[in-house]
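Enquirer: Let me begin by handing over the structure; questions about it come next.
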Amino acid sequence: MKVKEVIARYIYKGKKFEIPILWEKYNLYKKKKLDDLSEVVIGDAIFSDVRKALRAKEQDIEKVFGNKDFYEICKIILEKGEVQLTEEQRKELQEEKRRRIISFIVANAIDARTNTPLTPTRVEHALEEAKFKVKALEPVEKQIEEAIKALRPLIPLRIEKKIFKVKVPLEFGGKARHELTRLSTIKHEDWSSTYYVCEVEITAGLMNELFAALNKVTKGSVFIEEKKR
């Protein structure tokens, strides 16, 4: 069963404020790929306890948040609060991310000693031997790097990386840079009066995701060229 509904909780001076949210939509909101909070938040009420269906007192809401509208309050809860997961949801997310980490390593790494591919079973057993713990709420991209570091003493890994030149119109530079920073390492960059240009290093397994993200934020007006090492 896939995690769908979770609770966002914000505590201020002993007062607890909760809202039920959709997990997948929340992840898109966190990554700035979704702005409409009505797609993230379920219903139109602020609770002191969602599971008991206890609404927060109006005087408490006004005292903590002022006269802000509902979605402004939700924004504060999401930005300053924490997402609450049940134990079942936490295990579910950990398992999903563990599978994604293993799949990424198998798709992008080889045994540098023998130049042979790695199997999922070998990577899984090595992660267990390294006592690597998958975190339910931490981004997969960050955990992949941590997993690779944990594996290196056990498996002589080599990850294929490529260098690309990226050029986007200046108006899209900020959004493009956000995606580049999220998925790659910026080696060099230049801001002119008309374009943002940079060179980035990226693992092969993240290329398609990065290219799709850049096309989206630049409305297709991005130039990408692979640079030979």
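All of the numbers you see were taken from the coordinates with simple rules; none came from a lab. For clarity, every value in this text was computed on a predicted model and none was experimentally measured. Here Cβ is always computed from backbone atoms with ideal geometry, including for glycine, and neighbour counts include all displayed protein chains.
Enquirer: Calculate the FRET efficiency for E128 and E5 from the Cβ-Cβ distance with a Förster distance of 35 Å, rounded to the nearest 0.05.
Expert: After rounding to 0.05, the efficiency reads 0.65.
Enquirer: Based on Cβ point charges of +1 for Lys and Arg and -1 for Asp and Glu, what charge dipole magnitude is obtained for region 15-126 about its Cα centre, in debye rounded to the nearest 20?
Expert: Taking the Cα centre of region 15-126 as origin, the dipole is about 400 debye.
Enquirer: Out of residues 5 or more away from Y195 or on other chains, whose amide H comes under 5 Å of its own, with H placed 1.01 Å from N in the peptide plane?
Expert: Correct list: L170.
Enquirer: Which value at 222 nm does the chain reach when only helices count, each DSSP H run of 4 or more adding -39,500 (n - 2.57), with the total divided by all residues and rounded to the nearest 500 deg cm²/dmol?
Expert: The helix-only estimate for the chain comes to -12500 deg cm²/dmol at 222 nm.
Enquirer: Where the centroid of each part is defined by its Cα atoms, how far is region 86-128 from region 1-64 in Å?
Expert: First find each Cα centre; the distance between them is then 32 Å.
Enquirer: Right, next: Rounded to the nearest 20 Debye, what is the dipole magnitude of region 83-192 about its Cα centre when Lys and Arg each give +1 and Asp and Glu each give -1 at the C-beta?
Expert: Charge dipole of region 83-192: 360 debye, to the nearest 20.
Enquirer: Additional query: Counting Lys and Arg as +1 and Asp and Glu as -1, each charge on the Cβ, what is the dipole of the chain about the Cα centre in debye, to the nearest 20?
Expert: Value, rounded to 20: 480 debye.
Enquirer: Still on this structure, I have one more. With θ set to phi - 60° and the Karplus curve 6.51 cos²θ - 1.76 cosθ + 1.60, what are the ³J(HN,Hα) couplings of region 66-74 in order, to the nearest whole Hz, using x for Gly and Pro?
Expert: x, 8, 6, 6, 3, 6, 5, 5, 4
Enquirer: Here is a further query. Around Q84, which amide H atoms from residues at least 5 apart in sequence, or from another chain, sit under 5 Å from its own amide H, with H modelled in the peptide plane?
Expert: Distant-sequence amide H within range of Q84: I7, A8, R9.
Enquirer: Explain nothing, just compute: Karplus ³J(HN,Hα) = 6.51 cos²θ - 1.76 cosθ + 1.60, θ = phi - 60°, for every residue of region 19-31 in order, whole Hz, x for Gly and Pro.
Expert: 9, x, 9, 8, 4, 5, 5, 4, 4, 5, 5, 4, 8
Enquirer: Quick check: residue separation of L137 and E87 times 0.36 nm, minus the Cα distance between them. What number comes out in nm?
Expert: 16.7 nm
Enquirer: Which trypsin sites (Lys or Arg not before Pro) from region 102-153 combine a DSSP loop assignment with at most 13 other Cβ atoms within 10 Å?
Expert: For trypsin sites (Lys or Arg not before Pro) across region 102-153 that sit outside H, G, I, E and B with at most 13 neighbouring Cβ atoms in 10 Å, the list reads R113, K131, K133.
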